[in-house]
Amino acid sequence: MGTVGAQLFRRKPIVVQHTHHRGEELARNLSTFQLMMFGVGATVGTGIFFVLSESIPKAGPAVIISFVVAAICAGLSALCYAELAAAIPVSGSTYSYTYHALGEVWAIIIAGCVLLEYGVAVSAVAVGWSGYFNELLQNTLGFRLPDALSVTFIQGSDGAATGGVINLPAVVLVGLCCLLLIRGVAESATVNAIMVLIKLGVLALFIVLGITAFNADHFEDFFRFGAAGVSAAAGTIFFSFIGLDAVATAGEEVRNPQKALPRAIIGALIIVSTVYILVAIAGLAAEPVEFFSTEEAGEAGLAQILENVTGTPVWSTILAAGAVVSIFSVTLVTLYGQTRILFSISRDGFVPRRFVRVNAKTLTPIYNTVVVSVVVAVVAGFVPSDYLWDTVSIGTLMAFIVVALAVIVLRRTQPGLERPFRVPLYPVVPILTIAACVYILSGLAAVTWVIFGAWIVIVLLYYWFYGRRHATLNDYTSDEQIAEPIHPEEER
């Protein structure tokens, strides 16, 4: 097995062919459109339906700039993802790319980042979904679920814990997504595509009605919170671009992956960025900055804006219904991404093999999906979303930085690797990606870094005492570990 140092930094061989690994494989059932809708489904809704109330109080009207900054950073990273996804079309996304490019210990660190990123993201979205679900119940049936069953504890100004016991709608949502994923990825992709089209229609409605109430006074003192506010808001908003990574997690389940993956990633980015910026403008056009710090903006905020603008609950009811449907798709795709990353980690031996077992009929990792769903449901049921947002952003940003580094490293170490899509203006784009992500990271709160650092320490301890002893590469001969396979194009 060699020295410990050699083990820590050994790289997994790149195998670019229809069968990528020993053992379990996933079925290639997804089309390019379905994959693009995965990206949009995991993204639009997460940021827009309830992150405005988190970001506008930090940046004021300049939150529009925060959205642009986050979109540019995500766009640069999307180009890097597109190159790696086309060249290495496997499950695992950032984790797999890191293992191939930078080595085992870095792959484990990134595995910790993306597992934190996806797990917390699913929980945060589910918590936000329950607010819109309650709004819909109120508008249609005239009642709401009691706080004891629809919110978690809330720390008041006096430090006392108030509020509910469990966020039951969030738990139920995760359970429904679990059942759908167990049924099959093709069925899940079809349902997701339908829900995405519904959500885009609902958000188009919000944009049109919001702009009709345009008030230029709401944009006065545009940079009232300065550059620090823009950076802080961009860090929170960046959480909502997690969907781009979710596209890459489907590398083994899409038809013609070397063409489909880059098209889906870039297409999803364009749709997402356009919708986000337009909704932010419409929201500020309709309501002053101060509104987004109020309690009514925190729960089903966009629906409340429409009710204020139109004077009738009809439009807000439609938006709340659209949010209930569309945020379901965010939870579905993000949960899917979490299970596929864990699938890849298990296939490499770092977690027990039960997580890689695939049902012979559905070709889905059922045990994996159930365990992930239970953990996520517990977090969603008992942890307020305020504690979750920035933790997701830091995991996403770290993953994006490593993807950019992987592009640079593989260009040097694997120059003959077939790259159906190549990052333009190399190496400027990867370097700018890293710089943009570092800039956004600088705006995150100190407590977020403490939580993140503690999590990485736990991950490394787990790797040292369990993961490195069970790594699949331990079963290869030294020659197999060192040698990189010849690409079929090079054989010809």
Inset, instruction - Collect the residues in region 251-271 that are crowded, with 24+ Cβ neighbours inside 10 Å and not in a helix (DSSP H, G or I), keeping them in residue-number order. - result: G251, E253, V254
Legend entry - Scope region 318-330; condition out of contact with any Lys or Arg (no Cβ under 7 Å at 6 or more places or on another chain) and either acidic (D, E) or modelled with pLDDT under 80 (or both); matching residues: L319, A320, A323, I327
Inset, instruction - Could you grab me the full set of residues in region 429-461 that are surrounded by 15 or more Cβ atoms within 10 Å (Cβ to Cβ) and free of Cβ contacts under 8 Å to residues at least 12 places away in the same chain? - result: none
Inset, instruction - Residues that are hydroxyl-bearing (S, T, Y): find the helices (runs of 4 or more DSSP H) completely inside region 345-455 holding 3 or more of those. - result: 366-382, 389-413
Legend entry - Residue within region 181-189 that is crowded, with 17+ Cβ neighbours inside 10 Å and among the basic types (K, R) present: no
Legend entry - Residue check for A232: assigned to a helix (DSSP H, G or I) and either in contact with an Asp or Glu (Cβ under 8 Å, 6 or more places away or on another chain) or aliphatic (A, V, I, L, M) (or both): yes
Legend entry - Boolean, W464 is in a helix (DSSP H, G or I) and either acidic (D, E) or modelled with pLDDT of 90 or more (or both): yes
Inset, instruction - Residue by residue through region 301-323, note down the ones that are over 19 Å from I56 (Cβ atoms), surrounded by fewer than 24 Cβ atoms within 10 Å (Cβ to Cβ) and in contact (Cβ under 8 Å) with a residue 60 or more places away in the chain. - result: T310, P313, W315, T317, I318, A321
Legend entry - Residues that are closer than 14 Å to G41 by Cα and surrounded by fewer than 24 Cβ atoms within 10 Å (Cβ to Cβ), drawn from region 231-250: none
Inset, instruction - Identify, from the list L79, L102, the residue that is in contact (Cβ under 8 Å) with a residue 40 or more places away in the chain and crowded, with 24+ Cβ neighbours inside 10 Å. - result: L79
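The values are calculated or read from the model by the stated rules, or taken from the named source; none is laboratory data. Everything numeric here is computed off the predicted structure, so don't read it as measured data. No Cβ is skipped: glycine too gets one built from the backbone with ideal geometry, and neighbour counts run over all protein chains shown.
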